[in-house]
Amino acid sequence: MAGFTLNVNGRDHIVEVPPEMPLLWALRDVLGLTGTKYGCGMQQCGACTVHIDGEARTSCRTSVGSIGNSKITTIEGISSEGLHAVQAAWIAEDVPQCGYCQTGQIMAAAGLLAKNPNPTDDDIDREMARNICRCGTYDRIRRAIHRASGSIEP
C-alpha cells in the first residue's frame with residue numbers, strides 16, 4: 001500500500017491504496033463517488049469515463065499510481081452550478097432508458113464539446129464510439145450533444 005494524493009473534483013484526497021489499483025475502484029470504493037460506473041473492466045464500454053486533466057478517459061484500466069498530479073473530474077463534479085449543459089440536454093432529449101451508461105456517455109460528450117464546441121454528426125459518432133449504450137439511444141445521444149453545443153434551440 002502507498003499513499004497517493006488524488007485531486008478529484010477540485011479537492012485533494014489522500015488514499016492509501018496499491019499503485020496498480022484502478023482509478024475506478026479508488027473513486028467508488030475508497031472515496032465513495034459511485035456515479036462512475038463499472039461496465040466491462042477492459043476499456044471497451046466507456047461506462048467508467050471520467051476526465052483526467054480535461055480529457056475523457058476510462059478509469060477501469062487507469063492505475064492510481066499513474067495519475068501523478070493530474071486533476072480528475074467525475075460526474076459528481078462536472079458542474080458546480082447544478083446541471084452541466086450536457087446534463088440539461090440529456091434531460092431535454094429524454095436520452096436515458098436503463099440509464100446505466102449515462103454517466104460515461106455524459107462525461108464523454110462533455111469532453112468532446114470541450115475540444116470541439118460545434119461537432120458534426122461524424123465528429124460525435126467518432127468520439128462517442130468508445131461508449132456503448134445497450135438500449136441503443138444513439139440518435140437521442142447525438143441530438144442531445146447538438147443541443148448542448150447550441151446548434152439545436154432549447
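The values are calculated or read from the model by the stated rules, or taken from the named source; none is laboratory data. Computed from a prediction, not measured in an experiment: that's the story for all the values here. Positions of Cβ are backbone-derived with ideal geometry, glycine not excepted, and every protein chain shown enters the neighbour counts. All accessible areas refer to the heavy atoms of the entire protein, side chains included, with ligands and DNA or RNA removed. Shrake-Rupley method; radii C 1.70, N 1.55, O 1.52, S 1.80 Å.
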Next on the checklist: I'm trying to understand the selection: among the residues of region 43-78, which are open to solvent by less than 50 Å² (accessible area, probe 1.4 Å) and farther than 15 Å from G111 by Cβ?
Outcome noted: C45, C60, S63, V64, G65, I67, G68
Checklist entry - Using beta carbons and a limit of 9 Å, which pairs, at least six apart or on different chains, have the first residue in region 118-142 and closer than 22 Å to K37 by Cα and the second one open to solvent by 50 Å² or more (accessible area, probe 1.4 Å) and of a type in the set (A, V, I, L, M, F, W, C)? => result C133/C98; R134/C98; C135/C98
Next on the checklist: Restricting to region 1-59, name every residue that is polar (S, T, N, Q) and closer than 18 Å to S79 by Cβ.
Outcome noted: N7, N9, T34, T36, T49
